Amino acid sequence: MAFARIKRVYVAMTPVDAQFVKAFLESAGIAASVRGEHLFALRGSVPMTDETLPSVWIEDEEDLEQAQRLLAQLEARARLRPVDADGPDDAEAAEEWDEGEERIG
């Protein structure tokens, strides 16, 4: 009997971020779990490294490529832009929107 090996796919800065990514992957049909949430309470006493921060693990190694692709898409869409009072108005900003991306609102 072969056992699937779990793989870490994401290291979060907070438990909330980790739970968000877990839910995102699960919504795509990828079984995931969060590990290390309990260590977050020790921040300041324990160094915050990839080994101690909350992390998201996928349950099936076969889902690794799809999970990495989805996380790359999520990261690309999550780019935050600073609010600039002298920047373009909403009409100009809408023209910059990539036509392949889904609009919200």
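Any read-out appearing in this document is the output of simple, stated calculations on the displayed coordinates, not a laboratory observation. Keep in mind it's a predicted model, so treat the numbers as computed, not measured. Cβ sites come from the backbone with ideal geometry, for glycine too, and all protein chains shown count toward neighbours.
Couple of notes before you dig in:
- Of the GluC sites (Glu not before Pro) found in the stretch 14-55, those in coil by DSSP whose Cβ has at most 16 other Cβ atoms within 10 Å are Glu51.
- Rounded to the nearest 20 debye, dipole of the stretch 7-78 from Cβ charges on Lys, Arg, Asp, Glu: 300 debye
- Cβ-based net charge around Arg5, under 12 Å, with every Lys or Arg adding one and every Asp or Glu removing one: -3
- For the stretch 11-25, 3J(HN,Hα) computed residue by residue from phi via the Karplus equation (6.51, -1.76, 1.60; θ = phi - 60°) reads 10, 9, 7, 9, x, 5, 4, 4, 5, 4, 5, 4, 5, 4, 5 Hz, glycine and proline entered as x.
- 5 Å-binned pair-distance histogram of the stretch 7-78 (Cα, whole percent): 3, 19, 28, 23, 15, 8, 4, 0
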